[in-house]
Amino acid sequence: MPAWFPVVAAVIVPGSGYVLLSRPMRGLVMLFWMFIFGYITLQLSSSHVSLIGRFSGGIAVWAISVLEVYRITHKKTSL
């Protein structure tokens, strides 16, 4: 598997990069927090906020997970 594949998979399907790196529980945990923070920001934002703004908590966790998958992949390939 190419080194870039888990990162691209994590961008397309949240949590899948962890599964490809043999860390499925970490993927489920991050998916759980994406849903929780997305729901919280959805409930706390007003109706005139954009869709991205309403789900910004979940989007932030997703971005962090993509960066972490990149870091883990980079660490594995540099060894």
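Values in this text are rule-based calculations from the coordinates and carry no lab data. On a predicted model such as this, the values are computed, not experimentally measured, just so you know. Using ideal geometry, Cβ is built from the backbone for each residue, glycine included, and neighbour counts are taken over all protein chains shown.
Observations on the structure shown:
- When the chain is treated as a Gaussian network with alpha carbon springs shorter than 10 Å, the biggest mean-square fluctuation among Ser22, Ser56, Ser65 belongs to Ser22.
- Using distinct alpha-carbon pairs, which all enter the 1/r mean, Kirkwood radius of the chain in Å: 13.0 Å
- If you run the Gaussian network model on the chain, springs between alpha carbon atoms under 10 Å, then out of Val11, Val49, Val19 the most flexible one is Val49.
- Net charge of Cβ neighbours under 15 Å - reference Lys76; Lys, Arg +1; Asp, Glu -1: +3
- Residue-averaged [θ]222 nm for the chain, counting only DSSP H segments that reach four residues, each worth -39500 (n - 2.57): -24000 deg cm²/dmol
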